[in-house]
Structures are given as structure tokens and as C-alpha cells.
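The values are calculated or read from the model by the stated rules, or taken from the named source; none is laboratory data. Quantities reported herein were computed from a predicted structural model and do not represent experimental measurements. Backbone-built Cβ (ideal geometry, glycine too); neighbour counts: all protein chains shown.
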Amino acid sequence: MMHSWLIQKGRIIDPDQGIDEIGSLLIREGKIVWRGEIPPQADYHVLHAEGLIVCPGFIDFHCHLRQPGFEEKETIATGTQAAARGGFTTVCCMPNTSPPLDNSRIIDYVKSLATRESVVRVLPIGCVTIGRKGEVLVPMADLATAGVVAYSDDGSPIRSSRLMHQALNHSRTLGLPVIDHCEDAALSEGGQVNEGVVSLELGLRGIPTAAEETMVHRNLTLAKQLAGCHLHIAHVSTGGSVELIRRAKKQGITVTAEVTPHHLTMTEAAALGHNTSAKVSPPLRTERDNRALVQGLRENVIDIIATDHAPHAAADKDYSMTLAASGISVFETALGSLMGLVHDGQLPLDTLIARLTAAPARLINDQIRGTLKIGAPADITIFDPDKEWVVDTAKFISKGRNTPLAGATLKGKTMATICDGELVYQDDSIKLTEFQKGRAA
Ligand code: DOR
């Protein structure tokens, strides 16, 4: 039986409705049924939210759940539990699995796995090309019918401009975004970290900003010719890319873009000492890039924050920088690291929440989520903006403990996550819930 919940006296922030007020929310039958100050007479479980922020559940447009094929790195079960711990109630999973998500049968399989094993909503992203080989387009319409929310060969760029053009052309009728991992492989080949002082210091080949920007530019050029297509730029990492997207949006090109928590808050310096946990694609750049990315987010040049949660097994990272896998495990640290930008005065709190909720809901064309409207599905995140905590990767729910934030102190922590009216995560540090018959105190 589904519980009724009263989320009591939290600071309700819902950018979708322009709400920032102290109040309570009542949830019944999986939906938000009431918002206000004095709750109606009813039996419910009370979730004490005094001093906490209550907002729509976070929606992640870009993560890796690794199933099928890489279950030693993550599974749909562990990945979605880690997502719930991070405050995410919907996650879109990338298709670089084994086999890759390039046909409707495998999409059906992932969806059925998710129905059985996930604690939050999982929406698959299909490949752009068969086997992610960059040679032949997937049957895009079939994949749309099977339920993909976008297309991407993430991890690899779509090298062929002709295929990218065709995919974008199909996006016009399908109404789904084509996501590109923008990287000119000829420029990035052999690169391990950002090209600059750190690559010099470590004696490693660097990845220049131009490797990203030339591909962003190519994609924008193609999108310009295809009115009504939807190009989405994954994990923007350079100030130059932000400027290209800013100009494209001014010209009316239909492009959206995302940035990750790590590209907003960390620099290439994290890789010093050959720290493979900071190896990620695209690489962490410089403080100047961090600032430009935050500015892009504030101005809505960058539409959303997406985690690019990329869990790896310890063995995949336990190599030299050149051989180690790329990627950072992000779900469980995302909110804490992003709240650093709010505490520093770089990003308004409502902008941060909007980029994690209403904005990605728009991107996946979900009219009923990313909001706390009455009648909406009860996908809700409750977090303590000021809670300081030390990142202990041994306590991660994710199988991926690969983060340069191990041992760091973050300020801001998810306290509870509700997905479709079910409490899917509760922090063990405080007692939040109690059953109450009748009127709440
Ligand atoms: O660092 C990365 N890791 N970047 C990607 O684009 C793919 C991801 C992965 O799948 O591990």
C-alpha cells in the first residue's frame, strides 16, 4: 500500500511555478495533492522538513548505468539507488553498454530491467550509429517507438559530418534531440588531460580546447541549415564552446547544452600527481573555463546540469594515466559540489534547482515532472543546504568509487528523495519520518 506523506514546513522552491516559500506538501496516491501552511485533517506519515529545502526531484539527462555488459562497474539497481541518494528521480542512461543500445529489442530489455530493478525512473538514450561505430545510422524511428528520449554515441563523437547531418535531419520529424560528444579525435588522440600547464608538468599529451570547439562549431553549422532540428551538446567543458553556443542561440539555432558538476567546479589541477580519478572525457580544464561555464549556466546559454555519472571499477582506474578509464562517479556528490557554487555566491539557488529540474523536464518533453504543481507525480527532493559532510567513497552506493572528491568536505546533502510518492532514499543522519494520525503539529 502506498503511504500518504506530509512534507512538513520545508522551504519549498519550485522554479517552474516561481515558488520560494515556507510550507507543507501533501502527497497521496503518488501525486502532490495539496500545498499550504495548515495541513488538512488526514492520516499520513510526516516528513519533518524544517530547515530543509523541498524541490522537484532532480532529472539527469546524462548518466551511465553500465547494464547490460559492464555490471562490475554499475548495475541499474546500484546506479538508481545511488541516483536516489543524490536526489535524482529520473535518469537518462547512455547507450555505451555491451551490447550498445542500438535496436528496439535491447531498449525493451533495458526498460524491463529498469521496471524490475530501479528505484527511480530510467529513460534510455539510443545510439546514433549501429554499434557506436560511426558508420551506419540506427533505425531512429524504431528506437523512438521503443521509447528512447534522445540519441547519442556518447563516449565517442559522431565523426562523419554526413551522418550527423542525417541524424539531425531525422530529429526534425522525430522531435528528439541528437546529443554529440564533441571531440575531434584527430586533435585529442593520445591526450590524457587538458593541454596546458598540467599536461606539461605531468609529461602527458594534452587535449586542446580546439578538439571540442571545432566539433561544436561543426554541429552548429549543420544545425543552422536544418530549421527545427534538435542538437544537444553534451558535457561542455570550455569557455570557447560556451561562446559558440551563445552566438548560435542568438542566431536562432535550435541547440541545447549541458554541463557537469565537475566541469563547473574542478580544474585540471585535480590530475596532478597522476591522479587517475580525475581523468575524464572531456578533460577538466581551467578556472577560467569554470567561470565561463557558470556564467553560461546563469545566462541560460547552457540549459541544464547533467551528471555524466561514469562509474568504473577500481581496477579500471588502477593504471597509469594513459591506460586508466575515463570518467567520474558523480551521483552521490553532485548536489554537494554544486551547492559550493551557491555558497560562494556564483550561482543563485533557484537557478541551480531550475537547471536540475524544470529545464531537463523540458528537454525530455515531460510536461508533468520537474514541477511541484498540484496533480503532478510526487517526485520530490529534500535537502539540507548547509549540511557539511566528508565524501567517503567506501560508503558509496554506486559501485563506482572513482572520484577526485574522495575525502573532500562538501556543504549540502540530500536528506530524502521521493519518487512517484515512494520514499526511495532517506539519509540516516537524522530522523525525518514518523506516522501521525490526524492533524500535523
Ligand atoms: O569520461 C567519460 N566517461 N566520458 C564519456 O563521454 C564516457 C564516459 C564513460 O562511459 O565512462
Exercise. Which numbered condition trips up L284, out of (1) more than 16 Å from the chain's Cα centre (by Cα); (2) closer than 26 Å to H230 by Cα; (3) crowded, with 24+ Cβ neighbours inside 10 Å; (4) aliphatic (A, V, I, L, M)?
Worked result: (2)
Seminar exercise, completed: Note on H262: of the conditions (1) within 13 Å of the ligand (Cβ to nearest atom); (2) surrounded by fewer than 22 Cβ atoms within 10 Å (Cβ to Cβ), unmet is (2)
For this session: At least 1 residues that are of a type in the set (S, T, Y) in each: list the helices (runs of 4 or more DSSP H) lying fully within segment 257-329 that qualify.
Result: 261-265
Exercise. Can Q41 be described as over 26 Å from D16 (Cβ atoms), assigned to a loop (DSSP other than H, G, I, E, B) and at pLDDT below 95?
Worked result: yes
Problem set entry | Leading residue by the ranking (farthest from M2 (Cα to Cα)) among those in segment 373-386 that are surrounded by 24 or more Cβ atoms within 10 Å (Cβ to Cβ) and in contact with a Pro (Cβ under 9 Å, 6 or more places away or on another chain) | T381
For this session: Determine which member of the set D308, D316, D289 is crowded, with 22+ Cβ neighbours inside 10 Å, under 26 Å from V390 (Cβ atoms), modelled with pLDDT of 95 or more and charged (D, E, K, R).
Result: D308
For this session: Looking only at segment 157-184, count how many residues are touching a residue at least 40 places away in the same chain (Cβ under 8 Å) and not basic (K, R).
Result: 16
For this session: Would you be able to tell me the number of residues in segment 76-102 that are among the small types (G, A, S), within 13 Å of A114 (Cα to Cα) and crowded, with 24+ Cβ neighbours inside 10 Å?
Result: 1
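For (1) within 16 Å of the ligand (Cβ to nearest atom); (2) at positive phi; (3) touching a residue at least 40 places away in the same chain (Cβ under 8 Å), each residue gets a yes or a no:
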{"site": "T90", "(1), (2), (3)": "no, no, yes"}
{"site": "S98", "(1), (2), (3)": "yes, no, no"}
{"site": "V110", "(1), (2), (3)": "yes, no, yes"}
{"site": "P124", "(1), (2), (3)": "yes, no, no"}
{"site": "C127", "(1), (2), (3)": "yes, no, no"}
{"site": "M140", "(1), (2), (3)": "no, no, no"}
{"site": "G147", "(1), (2), (3)": "no, yes, yes"}
Exercise. In segment 287-337, which residues are of a type in the set (F, W, Y) and either more than 25 Å from P348 (Cα to Cα) or over 17 Å from the mean Cα position of the chain (by Cα) (or both)?
Worked result: Y319
Exercise. Which one of these does E135 not meet: (1) without any contact (Cβ under 8 Å) to a residue 40 or more places away in the chain; (2) more than 20 Å from T254 (Cβ to Cβ); (3) within 15 Å of the ligand (Cβ to nearest atom)?
Worked result: (3)
Seminar exercise, completed: Per the filter on segment 320-336, residues surrounded by 24 or more Cβ atoms within 10 Å (Cβ to Cβ), more than 14 Å from the ligand (Cβ to nearest atom) and of a type in the set (S, T, N, Q) are T333
Problem set entry | Residues that are surrounded by fewer than 19 Cβ atoms within 10 Å (Cβ to Cβ), among the charged types (D, E, K, R) and in contact (Cβ under 8 Å) with a residue 40 or more places away in the chain, drawn from segment 12-33 | D20, R28, E29, K31
Exercise. Would you say V149 is surrounded by 15 or more Cβ atoms within 10 Å (Cβ to Cβ), within 22 Å of the chain's Cα centre (by Cα), modelled with pLDDT of 95 or more and part of a strand (DSSP E or B)?
Worked result: no
Exercise. Residue check, L176 against (1) part of a helix (DSSP H, G or I); (2) surrounded by 16 or more Cβ atoms within 10 Å (Cβ to Cβ); (3) of a type outside the set (D, E, K, R), all met but one. Which one?
Worked result: (1)
For this session: Taking the residues in segment 231-255 that are assigned to a strand (DSSP E or B), within 20 Å of S281 (Cα to Cα) and among the aliphatic types (A, V, I, L, M) as candidates, determine which candidate is nearest to the ligand (Cβ to nearest atom).
Result: I233
